[in-house]
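What follows is a single structure, written as structure tokens, with notes after it.
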Amino acid sequence: MILIKQAKILDEYSDHHDTIQDILIEDGIIKKIASNISEDQQIEHIINVEGLHISIGWIDSSVCSGEPGFEERQTLKNLVNAASIGGFTTVLLNPNNQPNPEEGSQIKSLKNYLNDQPVDLIPIGSLTLSQKGEHLAELYDMKEAGAAGFYDFKKSITNANLMKVALQYSTGFNAVIQSYPENSDLAGKGMVNEDSTTALLGLKSKPAMAETVQVARDLQILSYTGGLLHFPTVSLSESVNLIDEARSQGLSASCSVSINNLLLDSQSLLGFEANFKLDPPLRNEEEKLALVQDVKSGKVQMVTSDHIPLDIEHKKLEFDRAKSGATAIEVTFKALNAVVDTYTSVKLLTGAYDVFPIERPRIKANQKAVITMFTDSENDTITSTDLVSTSKNCALLGCKTRGRVLGIINGKKIKIYE
């Protein structure tokens, strides 16, 4: 038995939202919630920390692992350890490996690979065969096997008719189709955002409209087909506004924002540090601040770490030769919590329950305990000691933070870091 003492509950779906309660957990089930629960000898662990908060378990909607295929970057076991330190009880695993899942058996294999761990891995299947954007993969088969949705990772779907067919087909079984928000023709070989800072660097750039044109096109298709459409890692306020307008018209559109685009801007590129080479690229400061306001206003459904582990052979290179991507899953919460209030942080880290086919836990008696425990007051900065991922290509080193994760409970599986 576990007794959580005097925890502030943040869960707008709970009758106990914004109250301070004791929570008794037995065999992975919430047995009792009350203002004071007495301790007895059967309680094996008591969690009593000043400033303790709890919410339902967080979900990271865009996570990569090296395994399978690139285990030197990060194994799945190392990934779930980093995720638990970051406070996540579920991660959606991008198809960014070798091989990538294209059929149900591959989804099942990934989903069950580490089912003894406190972090649930839910794979995202490839949208098209070999992610070439030509023919749809076995979407229905993968959905039946438990795929969270379908996505050609960081690749534009240039064929508008293919996107139309994917959305039409998927409406029959309520599958989430993901569209990377970039028009590859407009982006060309650009590596950074097109702005006054990057113009000084002599690097190939891509215009902001490479993102907004793709978002506008796919929303137009969605209005024709219906279905569920998600845009991972949008980076422009104009894109957010397009999606928000579509939602106001009754379309099932959603988006996430990478933590990197909320904390960093193109000024970071002045040192040609390859950890700042990201997709989507870092925008200028004005765009970053506008995106922060969109997140605070509720227009954005979720924030993701956009965790992409890359070893030194792919990052310790000249900027134009390095691969794009950064790790962040261990530090996403406390970085996010430094730019928005704690209520908003929790909402953004649990927003995926409202988009993807994942049952929302409840902080209620006789329900499975799926809980993240954290504080929200400690101020700090991100250092290399915060990083447990095998690959250390984190772009957020030196950024300010607020709060820390104390542990997670996912049924009978528990990790506590108090």
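Let me confirm something: among 308, 363, 358, which residue is under 27 Å from residue 229 (Cα atoms) and crowded, with 22+ Cβ neighbours inside 10 Å?
308
Can you find a residue in region 187-196 that is farther than 16 Å from residue 94 by Cβ, hydroxyl-bearing (Ser, Thr, Tyr) and modelled with pLDDT under 95?
Checked against the condition, which is being farther than 16 Å from residue 94 by Cβ, hydroxyl-bearing (Ser, Thr, Tyr) and modelled with pLDDT under 95, region 187-196 yields at least one hit.
Working carefully through the options 186, 127, 136, find the one that is under 15 Å from residue 103 (Cβ atoms), surrounded by fewer than 22 Cβ atoms within 10 Å (Cβ to Cβ) and not polar (S, T, N, Q).
One residue alone meets the criteria, 136.
Looking only at region 20-54, count every residue that is surrounded by 13 or more Cβ atoms within 10 Å (Cβ to Cβ), more than 14 Å from residue 369 (Cα to Cα) and β-branched (Val, Ile, Thr) and tell me the total.
Qualifying residue count for the region: 5.
Please list, ordered by residue number, the strands (runs of 3 or more DSSP E) wholly in region 27-73 having 3 or more residues that are touching a helix residue (DSSP H, G or I) at 6+ places or on another chain (Cβ under 8 Å).
53-56, 58-63
Keeping to region 291-332, report how many residues are over 19 Å from residue 253 (Cβ atoms), of a type in the set (A, V, I, L, M) and not in a loop (DSSP other than H, G, I, E, B).
Looking only at that region, the number is 3.
Out of the residues in region 197-221 that are modelled with pLDDT of 95 or more, over 23 Å from the mean Cα position of the chain (by Cα) and assigned to a helix (DSSP H, G or I), state the one that is surrounded by the fewest Cβ atoms within 10 Å (Cβ to Cβ).
220
Read through the list (1) in contact with an Asp or Glu (Cβ under 9 Å, 6 or more places away or on another chain); (2) open to solvent by less than 10 Å² (accessible area, probe 1.4 Å); (3) among the hydroxyl-bearing types (Ser, Thr, Tyr), then give the number of the only condition that residue 156 fails.
(2)
The values are calculated or read from the model by the stated rules, or taken from the named source; none is laboratory data. Keep in mind that what you see is a predicted model, and the values were worked out from it rather than measured. Positions of Cβ are generated from backbone atoms using ideal geometry, with glycine treated the same way; all protein chains shown enter the neighbour counts. Areas reflect the complete protein model, heavy atoms only, side chains present, ligands, DNA and RNA absent. Shrake-Rupley method; radii C 1.70, N 1.55, O 1.52, S 1.80 Å.
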